[in-house]
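Structure, as structure tokens:
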Amino acid sequence: MIVREEKDHFVMIEQDNHAILSSEIMANWKEDLFLGKKKKDSVLFAIKYHDYGWKYFDKQPFWNDRIKAPYTFSDFPLSPKTIVYTHGINEVQKHDRYAALLCSEHYAQFLEDERAVDARRFVQQEKERQKQILLELGEINESLFQFHYGLLKFGDGLSLYLCINEPAVSQENVHSFFQKGIELPTHLPSLDETRLSLDWYDKQTVFLDPFPFKTSITIRIPQKRILKKDIHEKGLVSSYEQAPYEEVEIYLKSKAI
């Protein structure tokens with residue numbers, strides 16, 4: 001769950017919905033900036049379903065009693081998190097092995113530096129998965145794989161930026177993940193920049209520089225606003241289930257426009 005706390009409520013966005021947004025954004029990636037086009041469908045599949053493991057967990061969110069707020073994807077307890085990750089990758093692998101290879105690498109990188117036993121077990125499990133998938137797929141181009149993984153990370157990061165930050169956020173208040181912008185995939189032809197910068201024009205419009213997409217993009221973020229008083233009276237799960245979804249419309253445009 002992506003959670004943004006405001007004065008009297010929490011804004012909550014389900015991880016699977018954020019991943020679907022990332023795929024909608026990346027479907028507009030410029031054709032001449034997409035290396036290894038034969039793998040395009042697999043890459044977009046990985047982007048769309050990389051957070052599938054959270055799909056049902058987020059329908060009934062968990063309460064963090066230490067900080068008196070809903071758990072987010074970043075502070076969710078490690079042991080159940082590895083179960084969520086594993087389930088999501090398993091589901092992707094049923095449909096597309098190359099996409100599963102990308103998702104496996106993505107989550108293994110998340111926990112690579114964790115020393116907890118469950119984290120080490122998960123990373124080892126994913127290394128074994130990757131070896132098996134590579135045996136099934138045969139030889140792959142490692143440079144292209146890293147580029148495709150960069151597309152997954154970039155799409156994930158851009159969608160997360162739009163979900164985790166309040167619309168029209170000032171630069172000094174941008175979430176710590178994005179103080180330096182968003183890392184672009186390596187080996188991009190015709191682009192010298194290594195990071196994407198983002199500039200809010202108003203509450204609905206974000207200018208991107210450079211602009212690696214075919215055209216301006218309109219996205220609609222499904223979210224819920226959960227009143228703190230409702231949580232106090234009814235609990236988090238009931239409050240979340242009863243709250244309606246609302247859509248926030250955001251336009252992504254080139255800074256040159």
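Using every pair of separate Cα atoms, the Kirkwood estimate puts the hydrodynamic radius of the range 216-257 at 12.3 angstrom. Within the chain, the longest run free of exposed loop sites, counting chymotrypsin sites (Phe, Trp or Tyr not before Pro) that sit outside DSSP helix and strand states (H, G, I, E, B) and have at most 16 other Cβ atoms within 10 Å, spans 63-200. Note on the range 81-137: Cα-only Rg and Dmax are 10.7, 32 Å. Of all the options P80, P70, P222, the one that moves most in a Gaussian network model of the chain with Cα springs shorter than 10 angstrom is P80. Each residue of the range 32-37 was assigned a 3J(HN,Hα) from its phi angle through the Karplus curve 6.51 cos²θ - 1.76 cosθ + 1.60 (θ = phi - 60°); the sequence is 6, 9, 9, 8, x, 4 Hz, with glycine and proline shown as x. The orientation-averaged projection of the convex hull spanning the C-alpha atoms of the range 139-226 amounts to 7.6 square nanometres.
Backbone amide hydrogens, once placed in the peptide plane, bring S254 within less than 5 Å of L208, excluding anything fewer than 5 places away on its chain. Rounded to a whole number, what is D in µm²/s for the chain from Stokes-Einstein with the Kirkwood radius over alpha-carbon pairs (37 °C, 0.692 mPa s)? Stokes-Einstein gives a translational diffusion coefficient of 170 µm²/s. The coefficient of translational diffusion for the range 57-98, derived via Stokes-Einstein from the alpha carbon Kirkwood radius under 20 °C and 1.002 mPa s, stands at 182 µm²/s.
Distant-in-sequence amide contacts of L198, defined by a placed amide H-H separation under 5 Å and a gap of 5 or more residues or a different chain, comprise nothing.
Comparing K214, K81, K48 in a Gaussian network model of the chain, where Cα atoms under 10 Å apart are tied by springs, the biggest mean-square fluctuation is seen for K214. Let me know the charge dipole size of the range 158-245 about its Cα centre in debye, to the nearest 20, where only the beta-carbon of Lys, Arg (+1) and Asp, Glu (-1) is charged. Dipole about the Cα centre, nearest 20: 400 debye.
A Cα-only calculation for the range 111-161 places Rg and Dmax at 13.8, 36 Å. The value obtained for the range 1-128, namely the Cα convex hull volume divided by the number of residues, is 129 Å³ per residue.
Within the chain, which is the longest segment that contains none of the GluC sites (Glu not before Pro) sitting in a DSSP loop with at most 15 other Cβ atoms within 10 Å? With GluC sites (Glu not before Pro) excluded where exposed in loops, the chain gives 7-111 as its longest stretch.
Helical content alone sets the calculated 222 nm signal of the chain at -14000 deg cm²/dmol, taking -39,500 (n - 2.57) per DSSP H segment of four or more residues and averaging over every residue. For K7, the aspartates and glutamates whose Cα falls under 16 Å of its own Cα, not counting residues fewer than eight places away in the same chain, are E166, D230.
Kirkwood radius, the range 1-66, all distinct C-alpha pairs, inverse of mean reciprocal distance: 13.8 Å. For the range 3-57 versus the range 58-123, the inter-centroid distance based on Cα atoms is 15 Å. Dipole check for the chain: with +1 at the C-beta of Lys and Arg, -1 at the C-beta of Asp and Glu, and the Cα centre as origin, the magnitude is about 280 Debye.
Quick note: the coordinates plus some simple rules give every number you see, no bench work behind them. Here the structure is a predicted model, which is why all the values come from computation and not from measurement. All Cβ positions, even for glycine, are placed from backbone atoms using ideal geometry, and neighbour counts span all protein chains on display.
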